[in-house]
1. Restricting attention to region 235-270, which residues are assigned to a helix (DSSP H, G or I), of a type outside the set (A, V, I, L, M, F, W, C) and under 23 Å from residue 303 (Cα atoms)?
2. Taking the options 305, 299, name whichever one is within 21 Å of residue 95 (Cβ to Cβ), assigned to a helix (DSSP H, G or I) and open to solvent by 20 Å² or more (accessible area, probe 1.4 Å).
3. Return yes or no: is residue 69 in contact with a helix residue (DSSP H, G or I) (Cβ under 7 Å, 6 or more places away or on another chain), farther than 29 Å from residue 274 by Cα and of a type outside the set (Lys, Arg)?
4. Restricting the search to region 336-348, which residues are part of a strand (DSSP E or B) and either surrounded by 21 or more Cβ atoms within 10 Å (Cβ to Cβ) or of a type in the set (D, E, K, R) (or both)?
5. Quick check on residue 316: is it within 20 Å of residue 248 (Cα to Cα), at pLDDT 95 or above and surrounded by fewer than 20 Cβ atoms within 10 Å (Cβ to Cβ)?
6. Which condition breaks for residue 113 when tested against (1) out of contact with any strand residue (DSSP E or B) (no Cβ under 6 Å at 6 or more places or on another chain); (2) open to solvent by 30 Å² or more (accessible area, probe 1.4 Å); (3) not polar (S, T, N, Q)?
7. Which residue pairs have Cβ atoms under 6 Å apart, sit 6 or more places apart or on different chains, and have a first residue in region 121-149 that is free of Cβ contacts under 8 Å to residues at least 40 places away in the same chain and a second that is among the charged types (D, E, K, R) and open to solvent by 10 Å² or more (accessible area, probe 1.4 Å)?
8. Please enumerate the residues belonging to region 373-398 that are out of contact with any Leu (no Cβ under 9 Å at 6 or more places or on another chain) and part of a helix (DSSP H, G or I).
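The values are calculated or read from the model by the stated rules, or taken from the named source; none is laboratory data. The shown structure was predicted, so the numbers you read here are calculated from the model rather than taken from an experiment. Note: ideal-geometry Cβ built from the backbone for every residue, glycine included; neighbour counts use all protein chains shown. The accessibility values were calculated without ligands, DNA or RNA, using every heavy atom of the protein model including side chains. Shrake-Rupley method; radii C 1.70, N 1.55, O 1.52, S 1.80 Å.
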Amino acid sequence: MFQINENYLKLPGSYLFSTIGKKVKEYSEAHPDKELIRLGIGDVTLPLAPAVIEAMHKAVDEMGRAETFRGYSPELGYEFLRRAIVEHDYQKRGADITIDEIFISDGAKSDSGNMGDIFGLNNRVAVCDPVYPVYIDSNAMSGRTGDYVESLGRWSNVIYMPCTAETNFAPELPKEEPDIIYLCYPNNPTGSTITKDELQSWVDYALKVGAVIIYDAAYEAYISEDNVPHTIYECKGAKGCAIELRSFSKNAGFTGTRLGFAVVPMDLKCKGVSLNSLWARRHGTKFNGVPYIIQRAGEAVYTEEGQTQTKAQVAYYMNNAKVIYDGLKEAGYTVSGGVNAPYIWLKTPDKMSSWEFFDYLLDKANVVGTPGSGFGPSGEGYFRLTSFGSYENTVRAMERIRAL
């Protein structure tokens, strides 16, 4: 008889945002007269930039003519997009990345979940706590995390690096030596950042202990402070220990069109084996590429018009973040984030648990957020709001919360 992957049976409950969706649906059905404002899931609301739409229309027309029709894309992605990425995201930052180190994908979430395919099951994983759930769940599905300890809310074979108010929600170097380290900056969910010198210490540590860093830079476009690195490859030696993941979802609104990329340097090796070649093998075997139309849209993001328009969208969301941050501060909440990231991280009032505060906001203010405990044990007692709603809804949400 066939066998199943029993690691899936170890997963606790459903995916965080599926649970939120179910609770919101039940509330809406029970209270059809209530108008909900959703500041929970980090989905964008502004339409795609005009330069992106124009590029997509042009690409669609090309697909309708025999002489310009495209079938399967090249395994690593079209060179026009990879070249634009290298020039704008890396060379301008002084990072020596080549187009052969860029792998076009359908998003950072996919790359986060799939990257474990090229690593052995005995690798010890270290994650920030709180953490984006995909990092842990995807490793749990592979059997790399041990057993889930319900009473502790954590996995037995995962090294948790607490990110607390005392450390400005940044992790400290782990006492146990990991093999794979997940870092996300600007951070989801806390909105925190680290300086270039602090990131350099992580690169130095990884090189010392022989670990690989999987660096999620999906929110790079939201960085506003000068000493916050835009890529881990600004750090000396990072090409020898780090894989970087990027996304077009938040910087250009591609959540519904799906586009991202991974950077796997040629210098990154394990016992003489190139991780670039391993990822190329995995990529070519399990993925048939992002559609030509979408890759042309991604290229348009790097044009002068595309940069102007997408930066205006980022500014719009960051203005929302300021509205939320200031509104919560005025209401007496303890708040962080919202400066280099579109997420605001707040301490729940009156010693409420994260889910108690979720229910409280949903019922009393009809505002949907995300319980911090869904991101890990250190997220308990905290709550995340996103700035991806409309300005009007963001203002209304703060009015409702202040009224409480």
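1. The answer is 249, 250, 251, 255, 256.
2. Working: 305 fails: within 21 Å of residue 95 (Cβ to Cβ).
After ruling out the rest, the residue left standing is 299.
3. Yes; evaluated as a whole, the condition is true for this residue.
4. Step one: of region 336-348, the residues part of a strand (DSSP E or B) are 336-337, 343-347.
Hits for region 336-348 are 337, 343, 344, 345, 346, 347.
5. Considered against the rule, which asks whether it is within 20 Å of residue 248 (Cα to Cα), at pLDDT 95 or above and surrounded by fewer than 20 Cβ atoms within 10 Å (Cβ to Cβ), residue 316 comes out as yes.
6. Condition (2) is where residue 113 drops out.
7. 134/109
8. Filtering region 373-398 down to residues out of contact with any Leu (no Cβ under 9 Å at 6 or more places or on another chain) leaves 373, 376, 378-381, 391-392, 395-396.
Matches in region 373-398: 373, 378, 379, 391, 392, 395, 396.
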